[in-house]
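Presented below is the structure to which this report refers.
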Amino acid sequence: MLDVIWIVICAALVLLMQAGFTCLETGLVRNKNSINVAIKNLMDLCLSGAIFWLFGFGLMFGSSFLGLLGTDNFLFSGDYTPMQYAFFLFQVMFCGTAITIVSGAVAERMSFVGYGLISIMVASVIYPVTGHWAWGGFLDGDVQGWLGQLGFIDFAGSTVVHSVGGWCALAAVIIIGPRVGRFENNEKIPGSSLPLSVLGALILLFGWFGFNGGSTLAANDSIPLI
C-alpha cells in the first residue's frame with residue numbers, strides 16, 4: 001500500500017510540472033500571447049489524458065506485437081490492482097509532459113488548432129509507440145519492447161519522454177522556420193514576466209522529485225540517492 005501511495009503522490013508532483021511549464025512559458029512570451037500559450041498548455045494536458053486513456057496506454061503497455069506496439073489494455077478500466085491503477089495515473093502524467101515539451105519550442109509561432117493536431121499525433125502514436133519499444137511489458141513486469149529486449153534502459157524517461165518530446169519539437173521548428181526579427185539588428189522580444197518564468201522553473205524543479213523518485217515504482221531506500 002505504501003508503494004501505491006508513493007506513486008500517486010509522485011503522479012501529482014508530475015502534474016504540478018504542468019503549472020511550472022505554464023508559468024515558465026507565459027513569462028517568456030509577449031503579453032499579447034501569454035493567454036494563448038497558457039490555454040495551449042491546458043489543452044494539451046486534457047487531450048493527452050483522454051487519448052492516452054482511450055488507446056495510448058494500450059499501445060504503450062499492452063501485450064506486445066513483435067516488440068513494436070501493444071495490442072490490449074485499451075479504454076483502461078476494469079479489474080486491475082491498485083498498483084496498476086497508480087501506474088496508469090503516473091504514466092498519463094508522463095505523456096502530458098512529453099507533449100508540453102513541444103509547447104515551449106513553438107510558443108508564439110503556431111496556431112491553436114495546429115498545436116492541437118500535434119498534441120493528438122504525439123499522444124496517440126509517437127509517444128506510446130516509441131515508449132513501448134523501451135518500456136513495453138512494464139505493467140506485467142516483463143520486458144517486451146524490442147529496445148528493452150536489446151538491453152536498453154531508460155529509468156525515468158530521458159529518452160522516452162524528454163528525447164521524444166525534444167525531437168518532435170525540433171521537427172516542428174524546422175518546418176516553422178526561424179523566428180523572423182528575433183536576432184536581427186539587436187532587436188529584442190521581451191517576455192511578459194521574468195519573475196513568473198523563474199517561478200515556473202522552481203515549480204518544475206519541485207516536480208522533478210516526483211518524476212524521478214516515482215520512477216522506482218516503489219517506496220524504498222533508493223529514493224534519496226535518485
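Every number in this text was worked out from the coordinates using simple rules, so none of it is lab data. Please read these numbers as outputs of a predicted model, since none were measured by experiment. Please note: Cβ atoms are built from the backbone with ideal geometry, for glycine as well, and neighbour counts cover all protein chains shown.
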Ordering of 19-29, 82-92 by packing [mean C-beta count within 10 Å, highest first]: 19-29, 82-92
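List the relative contact order of the chain as a percent without decimals, with contacts defined as Cα pairs under 8 Å and 6+ residues apart. The partial results should precede the final answer.
On the way: 366 pairs, mean separation 81.9, N = 226.
Averaging sequence separation for qualifying contacts and normalising by length gives 36 percent for the chain.
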If you rank 61, 76 by fewest surrounding Cβ atoms within 10 Å, what's the result? 76, 61
If one builds a Gaussian network model of the chain from Cα atoms under 10 Å apart, the most fluctuating residue listed among 139, 66, 202 is 66
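Can you run the Rg to Rh ratio on the chain? Use alpha carbon positions and the Kirkwood inverse-distance Rh. Write out the running numbers ahead of the final one.
Numbers: Rg = 18.1 Å, Rh = 18.2 Å.
Result for the chain is an Rg/Rh of 1.00.
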Unit Cα scatterers, Debye sum, the range 76-187: log10 I(q)/I(0) for q = 0.15, 0.21, 0.22 Å⁻¹: -0.73, -1.14, -1.20
Among the helices of the chain (complete DSSP H runs), which have Cα atoms covering no less than 20 Å along the helix axis and a Kyte-Doolittle mean of at least -1.0? 2-28, 31-51, 82-105, 194-213
Just to compare against my own numbers: the Cα pair-distance distribution for the range 25-123, 10 Å bins, whole % per bin, please. 16, 41, 26, 14, 3
Report the calculated FRET efficiency for residue 202 and residue 120 (r = Cβ-Cβ distance, R0 = 30 Å), to the nearest 0.05. 0.45
